[in-house]
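Have a look at the structure below before the remarks.
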Amino acid sequence: MAKQKRKAPQLMEKKSKKQKKEGAAVAEVRLHRQKASSEGAAVSSVQDSDPELSPEERRVLERKLKKERKKEEKKRLREAGIATVQALPAKRSGAELALDYLYGWARKDASWRFQKTRQTWLLLHMYDRDKVPDEHFSTLLAYLEGLKGQARELTVQKAEAQMQELDEASEDAALLEKAGRLRQVLQLLS
């Protein structure tokens, strides 16, 4: 078998050229930084200051300068004692999403579609008045009428098990409220 020649020297040569280009760009950034610090003003645009740079070198240089400006701005803010907090978009809670899902189902929205996670959340939290308020519970009962298959069977089994636990437990106001909802669900599904 004939051995193939390796192309490593050519690849190494290409990488070194690329590294040289990046090194030149870094040197330019340092030069601009020195100029800016000596003059007391930031360099506004690479295109204005160095017309002999190629478009690729300008792009690399502009990125480096932008990164450096951001770093300096963060440093100034840190020194001033101002915390840089990035505002994250507020995520809606599972309760809000599930109740919106239920509301969409009740209105028979064209955009409504079945979502297993929302149904599961509703089935897990339907006995809690804090998570599913009374005004939504009647809608939830109507939704449960259409429940089929394994979800229906499991809901009935869990409701019966919780009723047995409540019968054995002491009488408490919160438990009595839960018992009322449990009875309604059992009457509906049984």
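Return the FRET efficiency for the residue pair Arg78, Lys158: r is the Cβ-Cβ distance, R0 is 30 Å, and the value is rounded to the nearest 0.05.
Values: r = 53 Å, r/R0 = 1.77.
Once rounded, the FRET efficiency stands at 0.05.
Working out 0.36 nm times the residue gap between Arg107 and Ser54, then minus their Cα-Cα distance, what length gain in nm do you get to one decimal? Walk me through the intermediate numbers first.
Values: separation 53, 0.36 × 53 = 19.08 nm, distance 6.08 nm.
Computed gain between Arg107 and Ser54 is 13.0 nm.
Given the pairs Lys108/Lys148; Lys91/Lys158; Lys91/Lys116; Lys131/Lys158, which span a C-alpha to C-alpha distance of over 25 angstrom in this model?
On the way: Lys108/Lys148 19 Å; Lys91/Lys158 31 Å; Lys91/Lys116 19 Å; Lys131/Lys158 18 Å.
In this structure, Lys91/Lys158 lie more than 25 Å apart at Cα.
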Pairs of Cα atoms under 8 Å, at least six residues apart: use those to get the relative contact order of region 124-185, whole percent. 39
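All of the numbers you see were taken from the coordinates with simple rules; none came from a lab. All values derive from a computational prediction rather than experimental measurement. Heads up, the Cβs are rebuilt from the backbone with ideal geometry, glycines too, and the neighbour counts pull from every protein chain shown.
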